[in-house]
Ligand SMILES: Cc1ncc(COP(=O)(O)O)c(C=O)c1O
């Protein structure tokens, strides 16, 4: 790519180095399906799928690899969690920083008798922890939280929120779109019942693969979102009770899982802490370099505490979309402009409806990329 890619919150690029070759090899040399034919090559592929579940379970400290189920992306995982765990009459709490991947299914569910309240956040996007318990009612069934904001990078304290859920007997559903592969996540210590993840962002895998990791409690009560063949219990016309089959009807995205298997290996080799540190170093460099541009406002936190490498800015005197266009056309820098599918977060941050220009850095960006972006902003916004 002849661009400086600063849109890693949308999808990471480049992917982990062996993702592409492994997927290509699978497609070109075997492409065997699993859970159907009982021949040796199918078991070889099944082993990779199992090992990918095991790695994810271990990485996120889940309860058991059987509760790691694959989906297309975090949006599908959140739909599975919300539509499969909630029932008419339930009330839930969400934060003021949620993505439409939570808000749209919830809006649909309000038509099915489910209601929700919004836990307020500060103007930098942090959940006000003391405001969580007040709106809890007898009908409250769950709290759904975006671990880190895709607009301004603010990270929420999921271990404290998880403890509140545990104390109030609430399910805890976490959208880890911006943190899986970047920040340590501990399902057991944070009392998470449904960790929803996507494979193509911080996990550095391909698009089209994601998943959900359930607690045993959530696994007992979740209803499938999609029904169909699993290659198991074929004489029974209801979905199997065993996991992961219960939530995985139809042929899995095997090339996607194989790509994810490779990217997880890469992340383990590099180390999540090293990835996060490098991304924070890039963020620090960027924040430092742009803070003196008079008409450019950094939206959300201006420090490195509890954040990921997503930085939003808005220009008071020029049109954000025009600046993003100039970044691309004059400097080959790719960013994202607008509401980033998170209008509620922009309301919280005071940038609705204009939105922001978002710069999001990945492990494979360089200091040079950041310096070029800083220089471009200084030249474009004088
Ligand atoms: C916080 C958050 N949730 C959900 C999503 C949706 O991710 P996906 O498109 O992989 O389902 C995104 C990414 O755009 C996100 O940043």
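The values are calculated or read from the model by the stated rules, or taken from the named source; none is laboratory data. Quick caveat, the model's predicted, so the values are computed rather than measured. Neighbour counts run over all protein chains shown; Cβ positions are idealised from the backbone, glycine included.
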Residue 347: passes all of (1) within 16 Å of the ligand (Cβ to nearest atom); (2) in a loop (DSSP other than H, G, I, E, B); (3) surrounded by fewer than 22 Cβ atoms within 10 Å (Cβ to Cβ) but (2)
Do we find that residue 123 is under 15 Å from residue 96 (Cβ atoms) and over 21 Å from the mean Cα position of the chain (by Cα) in this structure?
yes
Out of curiosity, is residue 357 buried (at least 18 other Cβ atoms within 10 Å of the Cβ), farther than 29 Å from residue 105 by Cβ and in contact with a strand residue (DSSP E or B) (Cβ under 7 Å, 6 or more places away or on another chain)?
no
Close pairs from the range 148-176: first under 17 Å from residue 218 (Cα atoms) and without any contact (Cβ under 8 Å) to a residue 40 or more places away in the chain, partner within 11 Å of the ligand (Cβ to nearest atom) and part of a loop (DSSP other than H, G, I, E, B), Cβ under 6 Å, at least 6 apart:
174/147
Report whether or not residue 202 is under 12 Å from the mean Cα position of the chain (by Cα) and either within 12 Å of the ligand (Cβ to nearest atom) or crowded, with 24+ Cβ neighbours inside 10 Å (or both).
yes
Scanning for something assigned to a loop (DSSP other than H, G, I, E, B), closer than 25 Å to residue 185 by Cα and within 16 Å of the ligand (Cβ to nearest atom), does the range 36-59 turn up at least one residue?
no
Which fully enclosed strands (runs of 3 or more DSSP E) of the range 68-172 have 3 or more residues being within 16 Å of the ligand (Cβ to nearest atom)?
68-71, 140-146
Looking at the range 323-353, which of the residues that are out of contact with any strand residue (DSSP E or B) (no Cβ under 9 Å at 6 or more places or on another chain) and free of Cβ contacts under 8 Å to residues at least 24 places away in the same chain is nearest to residue 126 (Cα to Cα)?
352
Lone unmet requirement of (1) at pLDDT 95 or above; (2) farther than 30 Å from residue 18 by Cβ for residue 197:
(2)
